[in-house]
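Report on one structure; see the data block that follows.
Nothing in this text is a laboratory measurement; each read-out follows from the coordinates by a stated rule. Small disclaimer: the values here were computed from a predicted structure and weren't measured. Neighbour counts run over all protein chains shown; Cβ positions are idealised from the backbone, glycine included.
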Amino acid sequence: MTKLSNIVRACALAFLFALPLALPAQAEMGDDGLHKQPWMRDTFKDLAEDLAEANDEGKRLMVMIEQRGCIYCRQMHEEVYPNPEISKFIEENYFVVQINMFGDVEVTDFDGSTYSEKDIVKKWGVLFTPTVLFFPQTVDSDTPANKVAVAQMPGAFKKNTTHDMLRWVVEKGYEGEEPFQKYHARMLALRKK
């Protein structure tokens, strides 16, 4: 072999070994066919108990509704959530419970009613996946989750929108004068500076 062919071969091998590192990280899949992140909690899906545990940890309760084969869920789990800034923010600030839009696991709503995942999603009127519901630190015990959520993120969003929504909820922007859309526009403008 010539010296040039050895160099070409070495470069090709280096490229092939580096290629998997350049591809987006693949989210782990659970037995239910849903993407799993290390910051997700495996709970009994009793929302009042989950809220109490979130409060004990100084975190906000976040419920993610997803379904098997959802391309937008995959997009969030492969392109947005693996971002170190977002992943760290979620881990530090949120108690995350995942609900399967067509699942059969029992979920106990804040109002004490118990339904399968698929039936509680219908009760809440959630039509799209992913949908993320964010909750206040205190919830009246006779009110269902969809009536007390302080914010809802329906669909897949890019990194900046997702990060801004996560921050807006933690900062309790929903209590102030600045709606999320204006907050997000202000954050985008600040990032451009």
Using only Cα atoms and rounding to the nearest 10 degrees, what angle (0 to 90) does helix 180-192 make with the longest principal axis of the chain? 30 degrees
Per DSSP, loop chymotrypsin sites (Phe, Trp or Tyr not before Pro) in segment 33-81 with at most 14 further Cβ within 10 Å: Phe44
Hey, fewest Cβ within 10 Å first, where do Thr138, Thr108 land in order? Thr138, Thr108
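Helix-only estimate, please: 222 nm mean residue ellipticity of the chain, summing -39500 (n - 2.57) across DSSP H runs of length 4 or more and dividing by its residues, to the nearest 500.
Taking each H run of at least 4 residues, the total per residue is -12500 deg cm²/dmol.
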Within the chain, what's the longest stretch lacking GluC sites (Glu not before Pro) that sit in DSSP loops with no more than 15 other Cβ atoms inside 10 Å? 58-170
What is the spread of the Cα atoms of segment 26-157 along each of their three principal axes, largest first, in whole Å? 39, 30, 24
Of all DSSP beta bridges with both partners in the chain, the antiparallel percent, nearest 5, is 55 percent
Loop-resident sites, segment 137-183, for trypsin sites (Lys or Arg not before Pro), counting at most 14 other Cβ within 10 Å (DSSP): Lys158, Lys172
